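S.K.: Before I ask anything, here is the structure I am working with.
The values are calculated or read from the model by the stated rules, or taken from the named source; none is laboratory data. Worth saying up front: this structure is predicted, and the values here are computed from it rather than measured. Here the Cβ positions follow ideal geometry from the backbone for every residue, glycine too, while neighbour counts run over all protein chains shown. The area values use the complete protein model at the heavy-atom level, side chains included, leaving out ligands, DNA and RNA. Shrake-Rupley method; radii C 1.70, N 1.55, O 1.52, S 1.80 Å.
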Amino acid sequence: GGVWGALMARRAGMGRRRMGLAVWMGLVGGLLLLAAPAPAEGTCSTFAAWMRPDNVRPTHPNCMGMPCDNNVTAFITLDVAADAQSVVVRLQVTAAAGATQRAFLGAGVFGGATADQIKPSGSGAMLSLGVPHMTPGKTSTMSVRIVPDDMSALLGFLAEGRAYAAIWTSENTDGELRGQLGAPECYESRIVGTDWTNSGGSLVHPYAFANILFSKMEASYAVLLQLATDDARLFPGEPVQAQVNDVMGASLLPSALSTASDAYYYRRQRTDDPSLFDTIWLQSGVVNRGDAEEKVYAVGHMAGVGVVNGLKA
């Protein structure tokens with residue numbers, strides 16, 4: 001049966017406000033979801049970058065002066081710890097089903113260049129992220145906590161808008177994919193549903209939470225949708241789809257947020273070596289369980305001003 005949910009959101013740090021959109025969530029079984037007060041949860045990432053071949057400077061060698069084929073893209077978030085001693089970096093790579101397999105050699109965060117500048121001569125990565133994975137038709141994710149060699153310099157470049165992330169190959173040593181790190185515009189959202197009684201007779205208050213990030217440099221977005229997993233806030237069926245619509249019911253995203261197994265996850269195997277990862281499980285795509293070790297964003301690269309304005313309306 002169809003299940004409907006209204007999404008209320010507040011811009012982080014700016015008080016609560018109603019957004020002109022709704023999230024419709026379909027589950028196995030029937031439950032009518034309604035907007036209702038719920039405690040805020042989650043925090044939008046400190047910095048984020050939307051990574052594509054056409055962001056590489058100098059011009060991507062494989063483009064031959066033409067627009068790059070962006071059938072392989074990436075999205076990265078960087079969070080600074082409260083004590084400013086370490087950072088947590090999460091990177092996901094998405095490849096279209098027909099994408100050419102890339103042999104990535106490494107990924108890192110660099111400093112000292114704006115979006116239109118090339119990497120400073122002789123500069124190495126300020127943060128080494130190891131080797132990302134890429135598989136056509138899938139999204140792969142990785143995360144790592146790093147203590148930077150020079151946190152002060154890194155924070156300075158981030159504050160100045162002169163830090164960027166890059167993934168490189170042997171063919172493109174200056175970057176196969178690149179994106180400028182900046183503080184995203186951030187919305188926090190919740191989906192709550194009609195209470196139901198479980199088999200043990202306890203009242204359950206269904207709940208899901210979303211962070212919506214918008215790039216301040218381009219018309220791109222990223223949606224992180226997470227389902228509560230504690231017994232008091234479970235949905236009475238397995239979610240099969242989440243759809244972001246405006247208040248008139250028109251879809252704002254090009255496709256629904258699916259729970260099909262189109263994403264797979266990598267977990268850090270050791271804390272002192274970012275090159276070592278271990279494949280641990282196949283899991284649902286962009287409707288994430290709140291207790292999952294890795295999260296997948298629904299990312300829209302250069303989605304258009306109309307889509308972004310619709311999401312913010």
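S.K.: Run down GLY106, GLY111, GLY130 and say which single residue is surrounded by 17 or more Cβ atoms within 10 Å (Cβ to Cβ), modelled with pLDDT of 80 or more and touching a helix residue (DSSP H, G or I) at 6+ places or on another chain (Cβ under 7 Å).
M.R.: Checking each option against the conditions leaves just GLY111.
S.K.: Need the failing condition index for GLN117 against (1) open to solvent by 10 Å² or more (accessible area, probe 1.4 Å); (2) assigned to a strand (DSSP E or B), just the number.
M.R.: With respect to (1) open to solvent by 10 Å² or more (accessible area, probe 1.4 Å); (2) assigned to a strand (DSSP E or B), GLN117 is out only on (2).
S.K.: Here's a follow-up. Mind checking which residues of region 173-191 are surrounded by 23 or more Cβ atoms within 10 Å (Cβ to Cβ) and over 18 Å from GLN92 (Cβ atoms)?
M.R.: TYR187, ARG190, ILE191
S.K.: ARG289 is checked against (1) open to solvent by 50 Å² or more (accessible area, probe 1.4 Å); (2) out of contact with any Ser or Thr (no Cβ under 9 Å at 6 or more places or on another chain); (3) modelled with pLDDT of 55 or more; (4) of a type in the set (D, E, K, R) and fails just one. What number does that condition carry?
M.R.: In the conditions (1) open to solvent by 50 Å² or more (accessible area, probe 1.4 Å); (2) out of contact with any Ser or Thr (no Cβ under 9 Å at 6 or more places or on another chain); (3) modelled with pLDDT of 55 or more; (4) of a type in the set (D, E, K, R), ARG289 misses (2) alone.
S.K.: Okay, moving on. Does PHE214 qualify as being over 28 Å from PRO132 (Cα atoms), touching a residue at least 24 places away in the same chain (Cβ under 8 Å), among the aromatic types (Phe, Trp, Tyr) and crowded, with 19+ Cβ neighbours inside 10 Å?
M.R.: Against the criterion (over 28 Å from PRO132 (Cα atoms), touching a residue at least 24 places away in the same chain (Cβ under 8 Å), among the aromatic types (Phe, Trp, Tyr) and crowded, with 19+ Cβ neighbours inside 10 Å), PHE214 does not qualify.
S.K.: Also: Count, please, the residues in region 211-238 that happen to be more than 17 Å from PHE47 (Cα to Cα) and of a type in the set (A, V, I, L, M, F, W, C).
M.R.: Number of matching residues: 6.
S.K.: Restricted to region 84-103, and to residues that are among the β-branched types (Val, Ile, Thr) and more than 19 Å from ALA125 (Cβ to Cβ), which residue is most open to solvent (accessible area, probe 1.4 Å)?
M.R.: Selected residue: THR100.
S.K.: Of the residues that sit in region 173-211 and are of a type in the set (A, V, I, L, M, F, W, C) and out of contact with any Asp or Glu (no Cβ under 8 Å at 6 or more places or on another chain), which one is modelled with the highest pLDDT?
M.R.: Ranking the candidates gives LEU181 first.
S.K.: Now, a different point. Out of region 147-172, which residues are open to solvent by 10 Å² or more (accessible area, probe 1.4 Å) and in contact with an Asp or Glu (Cβ under 7 Å, 6 or more places away or on another chain)?
M.R.: Passing the criteria: only TRP168.
S.K.: Considering only residues of region 40-77 that are open to solvent by 10 Å² or more (accessible area, probe 1.4 Å) and assigned to a helix (DSSP H, G or I), which is modelled with the highest pLDDT?
M.R.: ASN55
S.K.: Please enumerate the residues belonging to region 129-158 that are under 15 Å from ASP79 (Cα atoms) and under 21 Å from the mean Cα position of the chain (by Cα).
M.R.: The answer is LEU129, MET142, SER143, VAL144, ARG145, ILE146, LEU158.
S.K.: Also, I was wondering about something else. Being part of a strand (DSSP E or B), in contact with a Pro (Cβ under 6 Å, 6 or more places away or on another chain) and buried (at least 22 other Cβ atoms within 10 Å of the Cβ) is the filter here; which residues of region 192-211 pass it?
M.R.: Passing the criteria: none in range.
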